[in-house]
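What follows draws every value from the coordinates through simple rules; no lab data is involved. All values derive from a computational prediction rather than experimental measurement. Note that we place each Cβ from the backbone using ideal geometry, even for glycine, and neighbour counts take in every protein chain shown.
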């Protein structure tokens, strides 16, 4: 492999057949090895080459500590046929939580409280009892 610099952060890389075979012997993944030929490279300039790149939708590599059982749960889910990788599943769950919170933030507080009552079995049972009690009372005739 021969590298020739052509300017600041720019250059040419020549890959021979021998270089290609040597890399294949080490890496064993043909897609990860440059094929024989001449390659021009330029360091930096990402924004210029990718003007439509939106950082807010980009993935960001982080280091995070999770409880072992949480990680095991998502890894087990990821082992299922046609399942997304566990990192993707964790990201999807976090996104759902974020979007739900953002959606609720736009509702008035009273609507949120009423909505949570509809999911409360004790509240629904109490309403049902009151409806039954109202049906049993004799109704007054209109004058």
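Ranked from highest to lowest mean number of other Cβ atoms within 10 Å per residue, what is the order of the peptides 98-105, 46-53?
Ranking, from highest mean packing down: 98-105, 46-53.
Order 13-25, 31-43, 126-138 from most to least packed using the mean count of other Cβ atoms within 10 Å.
Output ranking for 13-25, 31-43, 126-138: 13-25, 31-43, 126-138.
Using the 10 angstrom Cβ neighbour count as an exposure proxy, how do 116, 63 rank, fewest first?
Least to most surrounded, the residues fall as 63, 116.
Tell me which label goes with the value of P(r) over Cα pairs in 5 Å bins from 0, in percent computed from the coordinates here: (i) 2, 6, 7, 8, 8, 9, 11, 10, 8, 6, 4, 4, 4, 4, 2, 2, 2, 1, 1, 1, 0, 0; (ii) 2, 8, 16, 19, 19, 13, 7, 5, 4, 3, 2, 1, 1, 0; (iii) 2, 7, 11, 12, 11, 10, 9, 8, 8, 6, 5, 4, 3, 2, 2, 1, 0.
(i)
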